[in-house]
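A short write-up of the structure that comes next.
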Amino acid sequence: MEQLGELDRTLTALRFFELDEQGNLPSPRTFKFSMCTDTSHAIITARRGPKVHRVDDPQCGGDLPVEQLELLVDRLANTRRWIGDR
């Protein structure tokens, strides 16, 4: 249960449900667009009550807040045992 609590706190801290499809917080003054080809993607889908939100991080070398969540999910799921260190 503590792991779910940690995930929930991280989703809240990152304002996950406010992020756009690429993991950026919306800003009325800027328009962000990036395009990468031939890269791996980290796709996270979270459900909180009736809300469902999906972020697809193309991992283009940017510094997105959602990357903290990706690392947390990897740690909690112990993905290192299958894919090694990131």
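The values are calculated or read from the model by the stated rules, or taken from the named source; none is laboratory data. Because the structure is a prediction, the values reported are computed rather than measured. Every residue, glycine as well, gets a Cβ built from its backbone with ideal geometry; the counts of neighbours run over all protein chains shown.
Quick notes on this structure:
- Any hit, segment 52-63, residues being closer than 13 Å to L11 by Cβ, out of contact with any Phe, Trp or Tyr (no Cβ under 7 Å at 6 or more places or on another chain) and free of Cβ contacts under 8 Å to residues at least 24 places away in the same chain: yes
- Filter pass, V52 being more than 19 Å from E6 (Cβ to Cβ) and modelled with pLDDT of 90 or more: yes
- Verdict on T45 being at pLDDT 85 or above, surrounded by 13 or more Cβ atoms within 10 Å (Cβ to Cβ) and within 11 Å of the chain's Cα centre (by Cα): no
- Extreme residue, modelled with the lowest pLDDT, among residues of segment 4-39 that are loosely packed, with under 12 Cβ neighbours inside 10 Å and assigned to a helix (DSSP H, G or I): L4
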